[in-house]
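Just so it is clear, none of the values below were taken in a lab; they were calculated from the coordinates. Note that the structure is a prediction, hence the values are computed from the model and not measured. Reconstructed Cβ throughout: ideal geometry from the backbone, glycine too, with neighbour counts over all protein chains shown.
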Amino acid sequence: MGLLEGLRDRARTIGWRASALGVITVAELLLLLAALIPVMGAATPLDSGKPAHISYLWWTGTASKPMVFVIVSLVGGGLGGALHAMASLTAHVAGGDFGGSWTMWYLTNPVVGASLATIFLFVLQAGLGGQAAPGTGGLYGIAAFATLSGLFSRHALNKL
């Protein structure tokens, strides 16, 4: 009887923790997706040489071209990291091998993805990637590269 009760307690803990992580990660994904809309709209003013006016949730401000690039890389990297965390969480819960010891990884992976994407942006902007720094037309390219680096942050960190 003790073993069965222990398994039930573990299932309740896993279910509660996995559900909470799922809700947090979905909220992160939605907030990051919503952040891309005003930031990607900044390309038009930047193309004309003007600072971009960006408004998101309770924050409003103007941003220069380098600042918009950093914001896009942070948001894209966070989006990729959150997507990776959501896919991993779903796979482990469905497979029945969810481990609570990975909770911090699920919570911090979007931050790691955002940080890594910004580092890669700096490398590209410095010309260390063998290409010239992108113009504002490359905003979608930066967003794509940032999202992919966030999505594959574990592999990228292992390679570095």
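Please work out the ratio of the alpha-carbon Rg of segment 35-134 to 2.2 N^0.38 Å and round it to two decimals.
1.33
If you look at just the Cα atoms of segment 38-80, how large are its Rg and its Dmax in Å?
Final numbers for Rg and Dmax: 10.1, 30 Å.
At R0 = 25 Å, how high is the FRET efficiency between residue 90 and residue 34 if r is their beta carbon distance? Nearest 0.05 is fine.
According to the calculation, E is roughly 0.70.
Give me the one-decimal nm value for the distance between modelled label points at residue 56 and residue 101, 7 Å along each residue's Cα-to-Cβ direction.
Each label point is offset 7 Å from its Cα along the Cβ direction, giving 3.5 nm.
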